[in-house]
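Here is the structure we will look at, set down as structure tokens.
The values are calculated or read from the model by the stated rules, or taken from the named source; none is laboratory data. None of these values were measured; they are calculated from a predicted model. Reconstructed Cβ throughout: ideal geometry from the backbone, glycine too, with neighbour counts over all protein chains shown. Just the protein is used for accessible areas: all its heavy atoms, side chains included, with ligands, DNA and RNA removed. Shrake-Rupley method; radii C 1.70, N 1.55, O 1.52, S 1.80 Å.
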Amino acid sequence: MLPAGARLFSEGQRARSVSVLCSGQVKLTKSSKDGKVFLVKIAKPGDVLGLSAVLGSTPYEVTAEVIEPIQMKIFARDEFLHFLQHHIEGNQHAAESLNNEYRTALLDACRLALSNGIAGRMAHMLFHFASEAGTWSTERPEIHLPLTHEDLAAMLGTTRESVTRVLSDFKRKRILSISGNKIRVLRKDALEALV
């Protein structure tokens with residue numbers, strides 16, 4: 001069990017292992033040369049961390065930091081590669097995981113490039129989180145979001161102040177209600193109109 005705030009690995013560090021997340025959440029971030037941080041993904045149980053770096057014999061592309069206490073299974077690089085050489089099923093799962101990483105990256109790029117402004121990006125992200133949680137099909141989807149406004153800003157490519165302003169506007173228009181880490185979508189149609 002690792003506590004919130006623990007760092008699993010850092011961007012640029014030599015890839016030494018692959019980790020399978022069993023419980024909890026991990027944020028994956030990428031930094032620019034000028035110090036800006038982009039929140040790439042929130043890893044959830046079942047996600048494989050460090051796979052592309054281990055398979056490509058490259059340094060980790062992102063930094064992995066625990067958001068809420070986690071449990072995970074760690075496989076040393078050499079042990080993992082040996083396993084893949086001898087188990088076809090392991091190769092299939094690795095390919096599926098890489099495909100999921102690719103699809104997530106594509107969706108994120110589309111969210112940033114195709115959404116109309118910050119409100120549209122926020123709406124798209126909330127839709128994605130509710131869909132991922134399996135609540136979007138309910139009348140009033142709920143999202144458990146243990147991220148700070150700064151984390152959301154890093155994910156949306158904007159500022160913390162802009163995130164706060166958009167969320168306040170959504171609350172004022174009764175599109176959302178927010179209580180701690182829980183967001184409830186009150187008007188799906190209004191959120192969908194922004195996507």
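All but one of (1) touching a strand residue (DSSP E or B) at 6+ places or on another chain (Cβ under 8 Å); (2) farther than 21 Å from residue 67 by Cβ; (3) in contact (Cβ under 8 Å) with a residue 60 or more places away in the chain; (4) not acidic (Asp, Glu) hold for residue 175; which doesn't?
All conditions are met except number (3).
Within the range 178-189, track down each residue that is in contact (Cβ under 8 Å) with a residue 12 or more places away in the chain and open to solvent by 20 Å² or more (accessible area, probe 1.4 Å).
181, 182, 184, 186, 187, 188
Return the total of residues in the range 1-13 being assigned to a strand (DSSP E or B) and either without any contact (Cβ under 8 Å) to a residue 12 or more places away in the chain or out of contact with any Pro (no Cβ under 8 Å at 6 or more places or on another chain) (or both).
3
Restricting the search to the range 155-172, which residues are without any contact (Cβ under 8 Å) to a residue 40 or more places away in the chain and of a type outside the set (D, E, K, R)?
Those that are without any contact (Cβ under 8 Å) to a residue 40 or more places away in the chain and of a type outside the set (D, E, K, R): 159, 164, 168.
Taking the condition open to solvent by less than 60 Å² (accessible area, probe 1.4 Å) and out of contact with any Leu (no Cβ under 6 Å at 6 or more places or on another chain), does residue 145 pass?
yes
Look through the range 14-43, keep the residues that are assigned to a loop (DSSP other than H, G, I, E, B) and modelled with pLDDT of 90 or more, and return whichever of them is farthest from residue 104 (Cα to Cα).
16
Looking at the range 57-71, which of the residues that are in contact with a Pro (Cβ under 9 Å, 6 or more places away or on another chain) and among the aliphatic types (A, V, I, L, M) is farthest from residue 154 (Cα to Cα)?
Restricting to residues being in contact with a Pro (Cβ under 9 Å, 6 or more places away or on another chain) and among the aliphatic types (A, V, I, L, M), the top hit is 70.
With respect to residue 7, determine if the residue is more than 21 Å from residue 150 (Cα to Cα), open to solvent by 70 Å² or more (accessible area, probe 1.4 Å) and of a type outside the set (A, V, I, L, M, F, W, C).
It is false that residue 7 is more than 21 Å from residue 150 (Cα to Cα), open to solvent by 70 Å² or more (accessible area, probe 1.4 Å) and of a type outside the set (A, V, I, L, M, F, W, C).
For the range 160-178, what are the residues that are of a type in the set (Gly, Ala, Ser) and under 11 Å from residue 142 (Cα atoms)?
Correct list: 177 only.
Tell me the residue from 89, 79, 65 that is on the phi < 0 side of the Ramachandran plot, open to solvent by less than 70 Å² (accessible area, probe 1.4 Å) and charged (D, E, K, R), please.
That would be 65, the only listed residue that is on the phi < 0 side of the Ramachandran plot, open to solvent by less than 70 Å² (accessible area, probe 1.4 Å) and charged (D, E, K, R).
Working only within the range 120-138, note down all residues that are among the aliphatic types (A, V, I, L, M) and either without any contact (Cβ under 8 Å) to a residue 24 or more places away in the chain or open to solvent by 30 Å² or more (accessible area, probe 1.4 Å) (or both).
133 - this is the single residue of the range 120-138 that is among the aliphatic types (A, V, I, L, M) and either without any contact (Cβ under 8 Å) to a residue 24 or more places away in the chain or open to solvent by 30 Å² or more (accessible area, probe 1.4 Å) (or both).
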